[in-house]
Every structure is written in C-alpha cells, then in structure tokens.
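A.B. asks: The following block contains the structure, expressed as structure tokens.
The values are calculated or read from the model by the stated rules, or taken from the named source; none is laboratory data. Everything quoted here is computed from the prediction, not taken from an experiment. Please note: Cβ atoms are built from the backbone with ideal geometry, for glycine as well, and neighbour counts cover all protein chains shown.
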Amino acid sequence: MKNIIFFFVLLFCFLSCDDKEKYQGKWSNSYLKPSYYHNETKSIVIENDSIKFNYTYFDFWNKYSLKIEKGKFKFNNITIEALAEKDTLILNDSIYFIKNCYDTLYWHKPLLRINLPQIHNLTTPISISEEYLRSYIYYGKRLDNKEFSLQLNDRLAEMEELIPFIVPRCGGVGGMRNKPFPTNVLFIDKMTPMKYVEDIFYKLSLVNQLKISFVNNIDLKFSDSLGFYYNYQRLNKRISSNFVHSIYSPNSYKTYPPPPPSNHPLFNNSHLESNIIFLKKDKIYHNDKIINPSDLKTLIKPWIKNNDVLFSLYDLESTYGTFLKMNAIINSTYEEVREEHSKLKFNKPLKDLAREEINKVKMKIRMHHIWSYSIPHYNAVVKQENSFFGLKVNKKE
C-alpha cells in the first residue's frame, strides 16, 4: 500500500514539473502597438520559480517570484490565466507571446543597459499630462563596450545631437507660445558621472526646454486591454531659466553661445538669506561637515520655513543616483512644510485644497531651490558677477 502511495506521489510531482516546463524559456512580445511604444514589455523569461520582464527600449529587467498553479501565473499581486500551446504563450485569452523568437523590439537590439536609482519614497509632485509633448532621453552604459552614452530613439548619439533631436518636437525654439511646454523624460543610469548629466541640463536650457522628469524606477502593471505595461516613478523638476552663462563651458560644450546673464526671478528680494549644501564625491556637505542623508531633512526644514534660498550644488565626479536622492529629500521636505502650512491655514491637506488655496500655500512657502548648477558653474557665475544673478553669495570650493 505504501509503495502505491509513493508511486502516485512521484507521478504527481513528475506531471506537475512537466506541466511547468512547457512555460519555461524566453517569450517575445507579439502584440506591440505604436501607441504604447514606450510602455509595453517586449519579452518574458520564465524559470522554475521566477518570471522576468524586459523593458521596451533598453536593457532593464523586472524580476518576480512566480507560482504556477492550475494554469495560472501568480506574482507581484497579479493572477492571470496562462496557456502554452507549442510555441505560443497566451495570457488571459488575449495576450500573445512567441517562444524563443526574437530578442529585440521590431528586430532592433537594445543598445544600453540602464540601472535606475530606485530610491524609496521618492515623490512625484507634478504629474505629466498625457496630452503634453514629451521627449524621451536615455543615458546609460553601452552593451558593446560598457562606456556611458546617449541614446536618442533607436540609435547611439553624441551630446551635440540632443538639441536637433529636441527642437523639432517643440515646434522650434519659439514654437511653443500657445502650447504647454514639453517635458523631457530622462532615463539615466544611477552610476552616471554628473559631468554628463550637466551636459544634458545645459543643452536643454539653451533651447528653453526646462521641464524635467527624472525616472527613478519602472513599475510593472497589467490590464486585459494593454497586457503588461509600465508606470514610471518620477521626480519632476524645472531647470533654472538662467542656467547658461557665457564664461562657463560644460563637459562637451562646443556650439550655441548662450545669452548674457540677468537677475534671477527668484532673487528679487535682496534680503533673502542663502544656505548651501554640496554634493562632493557622493557625500553631502554643509559648512565642511558631512551630512548623512537621513539628517538632511532636519537640517533644511528651518530654511524652507524661513523662505531662505537653498543651493544644492554638485561636483562633476559624483554620481547621478546620489544627486537624485539628495534632490528627492529636498523636494519631499518642501512638500512636508507646505502640507503643514495647509493644515494650519485651511485645516485641510494639500490634496483637498482648491487651486486658489494651493497657490496661496505655494506663495507662502516658496521653492527657492537652485539645484541644477554644478560647483564649477556656480563659481564661474559668482566670479564674473560678484553675485549669483543678483543674490550676494561667496565663491565655494
């Protein structure tokens, strides 16, 4: 009797394993549509206890623990019907993948690997409306030689090509007068030295494309109509309109001489106090002391409440991941102070305020934050002007 039971247990395990094996392997997306070009996953790799999804436009994988039970996939709080027939994987009777077909999107191989920062609790204070024009800019390590490179659409590019890439999308430098300003969505590898990121800021400022959306991470989602798709965790910022300066040249600057500097609109009040923090070799400093990221909010919160000007300058050797983390903390502190003021003045959280009330909170707690200047760029401005666009400050080393 025991031998019979043992035989059936082995048979069940064999059949169960055999059933799972038909799902295993690499599956390529067969349903991509141009309207979801940037958001749909292009391929899946299924192993015995895991499932991986590759992002559409560069080498980036989301990996999850997987359970396969009675023809269903269970992972990441998602449960879907799964049917494998020969070389086709059918999900929820409508989404199709082809086994071991192509490792590419429309037969174009990925060019970059981008390890996104993935900072916890990063806030996204401004959503990007779908009708607004966007430019997608990718910067990461080339798959062929591991060197950092810019990618525009499906090709590698030099930094000088960024302006010609952006300008047609915004109708020319002066073509956006009656339209919303476009947003530049940046996918940047977290280990990218800031000298390359500064190049991107500089080029965008030259053609007045100042709205920035830093992509922190990519979240996998699923719907019956779209299949698997991605949501972006973002930090939205705006480059200073007076970013360019004629006496300073960034890493790859060669052309497009910038206009002369003027007083910064944030600094019309000559009585503003200024406070400066530095990012040097991935360490945050204030008054020559290292500040732990966990202590940064405590340090800057009184400055924000007092409406002081906050400079967060970076050196060119620090990495983009640390730069984004510093700015995420600063942004979240501004949000926290505004939230406190909203509850004090209106007895309501910010999300429940009318537009006029929100504007009153923002006018009371102004975002006097200069974040897009490197230390050498800041010093070049101060040396030339004996001030920072009208604000009396000192040169910093």
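A.B. asks: Can you list residue pairs whose Cβ atoms sit under 6 Å apart, with the first residue in segment 309-325 being farther than 18 Å from residue 393 by Cα and the second being among the hydroxyl-bearing types (Ser, Thr, Tyr)? Count only pairs 6 or more apart in sequence or on different chains.
C.D. replies: Final answer for the pair search is 316/374; 320/192; 323/314.
A.B. asks: Which numbered condition in (1) in contact (Cβ under 8 Å) with a residue 12 or more places away in the chain; (2) buried (at least 16 other Cβ atoms within 10 Å of the Cβ); (3) at negative phi is the only one that residue 390 fails?
C.D. replies: (3)
A.B. asks: Would a scan of segment 99-118 turn up a residue that is on the phi > 0 side of the Ramachandran plot, part of a loop (DSSP other than H, G, I, E, B) and modelled with pLDDT of 75 or more?
C.D. replies: Yes, that holds for at least one residue.
A.B. asks: Only one of 317, 357 is out of contact with any His (no Cβ under 7 Å at 6 or more places or on another chain) and either assigned to a helix (DSSP H, G or I) or surrounded by 19 or more Cβ atoms within 10 Å (Cβ to Cβ) (or both); which? Quick ask: steps written out before the conclusion?
C.D. replies: Values: 317 fails: either assigned to a helix (DSSP H, G or I) or surrounded by 19 or more Cβ atoms within 10 Å (Cβ to Cβ) (or both).
That would be 357, the only listed residue that is out of contact with any His (no Cβ under 7 Å at 6 or more places or on another chain) and either assigned to a helix (DSSP H, G or I) or surrounded by 19 or more Cβ atoms within 10 Å (Cβ to Cβ) (or both).
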